[in-house]
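Only one structure is covered here, and it is reproduced in the block below.
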Amino acid sequence: IQVAVTMAGDVPMPIHLPNLPDSAAAVVPTGLQGATTTLTSPNGSMLNIAAGTTVSVPGATATADIRIGDLAAQHLPGDLPRAGTPLLLFGAGVFVHPQDASFSPGIDIDIADDLNIGSGSATLYRLDPATGEWGSVANVGVTVSGGRISANGVLTSGGLYAFGDVVTSTSLVGRVVDAEGNGVPGAMVRVC
């Protein structure tokens with residue numbers, strides 16, 4: 001995964017990768033799908049490849065191994081897009097493997113509403129593998145209800161995705177301390 005981060009001395013964050021060995025996987029035929037395939041990750045994220053979808057993976061001949069893995073919101077790499085004021089709050093990330101897979105028409109993704117939006121809509125973002133920058137994929141077709149966030153027919157390729165929602169900006173003041181209550185100099189803090 002290529003990521004773009006703002007550098008000012010030290011690397012500003014550790015880089016986490018989705019745990020694909022423990023992910024959900026399915027072997028699907030390349031080309032036109034005759035049946036619907038649904039993958040559900042250990043954390044409950046779902047990927048739905050509907051019958052009638054064309055699946056293409058460079059280098060794959062008759063079949064392709066499609067996987068879905070999860071990242072917690074605080075583990076998303078790179079600098080997430082800024083909306084100004086108000087700001088964007090991001091939820092968990094979902095990695096669809098292989099990154100260079102393509103789906104036509106787009107496939108569905110459904111994850112737990114860890115943003116606690118409740119109802120309404122959110123925006124789906126994708127980490128561009130060429131630039132390492134996050135960009136908006138869709139907010140049309142994205143719905144929030146019943147404790148789930150769904151984007152129907154919008155994933156046209158593999159890669160790392162995350163949902164975001166607009167929140168009102170606020171200020172937070174705090175102090176990083178160790179187990180004994182002493183201040184920790186030079187601590188890196190990341191607000192997610």
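General observations
- Scanning segment 89-103 for residues that are within 19 Å of Val142 (Cβ to Cβ) and open to solvent by 50 Å² or more (accessible area, probe 1.4 Å) turns up just one, Leu89.
- Boolean, Asn43 is crowded, with 16+ Cβ neighbours inside 10 Å, under 22 Å from Gly153 (Cβ atoms) and either at pLDDT 90 or above or not acidic (Asp, Glu) (or both): no
- Residue count for segment 122-139 under the criterion of being in contact (Cβ under 8 Å) with a residue 40 or more places away in the chain, in contact with a strand residue (DSSP E or B) (Cβ under 8 Å, 6 or more places away or on another chain) and open to solvent by 70 Å² or more (accessible area, probe 1.4 Å): the result is 2.
- Of everything in segment 140-174 that is part of a loop (DSSP other than H, G, I, E, B) and at pLDDT 85 or above, the residue that is most open to solvent (accessible area, probe 1.4 Å) is Gly146.
- Residue match in segment 68-88 (condition: surrounded by 15 or more Cβ atoms within 10 Å (Cβ to Cβ) and in a helix (DSSP H, G or I)): yes
- Residue within segment 103-115 that is at positive phi and not aromatic (Phe, Trp, Tyr) present: no
- Odd one out for Gly132 among (1) on the phi < 0 side of the Ramachandran plot; (2) outside any strand (DSSP E or B): (1)
The values are calculated or read from the model by the stated rules, or taken from the named source; none is laboratory data. Just so you know, these numbers come straight off a predicted model, no measurement behind them. Note: ideal-geometry Cβ built from the backbone for every residue, glycine included; neighbour counts use all protein chains shown. Keep in mind that these areas ignore ligands, DNA and RNA; they rest on the heavy atoms of the full protein, side chains included. Shrake-Rupley method; radii C 1.70, N 1.55, O 1.52, S 1.80 Å.
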